[in-house]
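The values are calculated or read from the model by the stated rules, or taken from the named source; none is laboratory data. It should be emphasised that the depicted structure is a prediction, and the values quoted were computed from it without experimental measurement. Cβ placement follows ideal geometry from the backbone for every residue including glycine, while neighbour counts extend to all protein chains displayed.
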Amino acid sequence: DQQVKQNSPSLSVQEGRISILNCDYTNSMFDYFLWYKKYPAEGPTFLISISSIKDKNEDGRFTVFLNKSAKHLSLHIVPSQPGDSAVYFCAVRNYGGSQGNLIFGKGTKLSVKP
Amino acid sequence: SAVISQKPSRDICQRGTSLTIQCQVDSQVTMMFWYRQQPGQSLTLIATANQGSEATYESGFVIDKFPISRPNLTFSTLTVSNMSPEDSSIYLCSVEWRAIILFGQGTRLTVV
């Protein structure tokens, strides 16, 4: 059973508007959450992360929100730009494992239209 | 940040053969990892490549199928052995760099 779920395989947004990408997880023991962006033929690029002791982390146009009670996190991109068009992966650190032991969702393909 | 180079970037291989993927990092790193992304699936950790000792494999992955070498702090290889079409995936090298997990560009493997 999937421990990290991104229920929207794709999302289309107009340039300048807000993009909201969602992610749900199953295990309340997960303590560190990450978002990666992936362009075709490239590896995933780290975007932003959040620890379970916080509920919000902001970096420029990107903000990640964590709702621990709902086991839900979201990535907000404001304003969205055509260059943001990519696949976005949510990942959680697998507790008890090494730093690199990440569990990924299947990704959401974001298309930002000019 | 650290730059990760993987070779080859893609390959088409015959079933029953083996392919070795190389990963070179431009800085010394303690932790290196190998991931796989099967078509339509999420990334899955295969193993942690330990410098100077045997790799640590995740459930469902075994050394005979995916032997890994880590001779120093900047280099690792992953071999996909006795390949079948089910091994067609993107294989990614990753490293821990200042508490962030960075990825190489991946190797797209097609087994025919």
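For the stretch A:1-31, taking the residues that are among the acidic types (Asp, Glu) and more than 13 Å from the chain's Cα centre (by Cα), the one that is modelled with the lowest pLDDT is identified as A:ASP1. In the stretch A:1-72, counting only strands (runs of 3 or more DSSP E) that sit wholly within it, the ones holding 2 or more residues that are among the charged types (D, E, K, R) and touching a residue at least 24 places away in the same chain (Cβ under 8 Å) span A:32-38. Can A:LEU110 be described as touching a helix residue (DSSP H, G or I) at 6+ places or on another chain (Cβ under 8 Å), at negative phi and either away from every other protein chain (no Cβ under 14 Å) or touching a residue at least 40 places away in the same chain (Cβ under 8 Å) (or both)? When the stated conditions are applied, A:LEU110 passes them.
Could you tell me whether A:ILE48 is surrounded by 13 or more Cβ atoms within 10 Å (Cβ to Cβ), of a type in the set (Val, Ile, Thr), at pLDDT 95 or above and farther than 19 Å from A:ASN7 by Cβ?
Yes: the conditions hold for A:ILE48.
Cβ-Cβ distances below 6 Å connect the following pairs, each with a first residue in the stretch B:1-30 that is more than 25 Å from B:ALA99 (Cβ to Cβ), a second residue that is small (Gly, Ala, Ser) and at pLDDT 95 or above, and a separation of six or more residues or different chains: B:ARG15/B:SER84; B:SER18/B:SER81. Filtering the stretch B:69-85 to residues that are free of Cβ contacts under 8 Å to residues at least 60 places away in the same chain and part of a strand (DSSP E or B) leaves B:SER69, B:ARG70, B:PRO71, B:ASN72, B:PHE75, B:SER76, B:THR77, B:LEU78. The condition (being within 14 Å of another protein chain (Cβ to nearest Cβ), surrounded by 15 or more Cβ atoms within 10 Å (Cβ to Cβ) and modelled with pLDDT of 95 or more) is satisfied by just one residue among B:SER94, B:SER81, B:SER42: B:SER94. Scanning the stretch A:22-34 for residues that are more than 9 Å from A:VAL92 (Cα to Cα) and touching a Leu at 6+ places or on another chain (Cβ under 6 Å) returns a single hit, A:CYS23. Scanning the stretch A:9-45 for residues that are within 12 Å of chain B (Cβ to nearest Cβ), surrounded by 14 or more Cβ atoms within 10 Å (Cβ to Cβ) and more than 16 Å from A:ASP84 (Cβ to Cβ) turns up A:CYS23, A:TYR32, A:LEU34, A:GLY43. With (1) within 26 Å of A:SER49 (Cβ to Cβ); (2) within 14 Å of the chain's Cα centre (by Cα) as the list, and B:ASP87 as the residue in question, which single condition is left unmet? Answer for B:ASP87: the failing condition is (1).
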